[in-house]
Amino acid sequence: MFSLLPWLVEKLGFSAKFAEHYLHVMTSGVVAIIITVLSVIVWRKLRNTEANLIPEKAPSVVGVIAFAAEGILGLMRSIMGERADRYFPLIGSLFLYILISNLLGAIPGMVPPTDNINTNLACAAVVFVYYNVMGIREQGLKNYLKHLGGPIIWLAPLMFTIELISHLVRPASLSIRLFGNITGDHLVLEMFSSLVPVAVPVIFLGLTVFVAFIQAFVFSLLSTVYIALATEHAEHEEH
């Protein structure tokens, strides 16, 4: 199937191998540009708070992004309470980035960056480092390690080992789940678009949009749960 970005890169004088190898980097750059443009649009629209107290009746970019932000923040608050506001910038950014990346696959000639395991590993690594840093920051290193060992002292070595393995597996789990679903969905769309290029691909295009949203949602949900688990002990102490 024709791929737009590698074609453009080859026209600029780069090799086909270079275009193929760094395709996920280029598509990630496209997503970054889209997010930047959307951010500027939303900022320019909402910088005058008083003029935007009454929402617009017609659907708009600002309305869609505000709806998505409220939905993600509401989900986070249902898991960790008002403390969710502190972690919303990361989770909200991840949701938006992954959703737009996934939706890129619905555009003819484009390949979603989440179709590459390296992109997903980078997102998962950010989550892994973040929730561990937040857990240590909230509880202190000693209490955080103690929390991993569990409440029973004589079982602490075993529990610590199990918890350590569990934590190390999380980035791989997040990455492979996203990679598998997006890759499979993109292949199905490509296959049916090639076999029956008229009418039938529209059905699978709808499925692509649905999968794109679900996978962004699942990634954000699991990331929120990991942060909540890492900081829950400190939260209980405060209450």
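What follows is calculated from the coordinates using simple rules that are stated; it is not laboratory data. This one's a predicted model, so the numbers in the text were calculated from it and none came from an experiment. Backbone-built Cβ (ideal geometry, glycine too); neighbour counts: all protein chains shown.
Overview of values
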| item | result |
| --- | --- |
| Order by protection proxy (mean Cβ within 10 Å, highest first), peptides 30-41, 88-99 | 88-99, 30-41 |
| Label point 7 Å beyond Cα of VAL25 along Cβ direction - residues of region 104-130 with amide nitrogen under 17 Å | 113-123 |
| 5 Å-binned pair-distance histogram of region 108-187 (Cα, whole percent) | 3, 14, 18, 17, 14, 11, 9, 7, 4, 2, 1, 0 |
| For peptides 143-149, 215-221, sequence by mean Cβ density within 10 Å, most packed first | 215-221, 143-149 |
| Phi to ³J(HN,Hα) by Karplus 6.51 cos²θ - 1.76 cosθ + 1.60 over region 74-81, Hz, x for Gly, Pro | x, 4, 5, 5, 5, 8, 10, x |
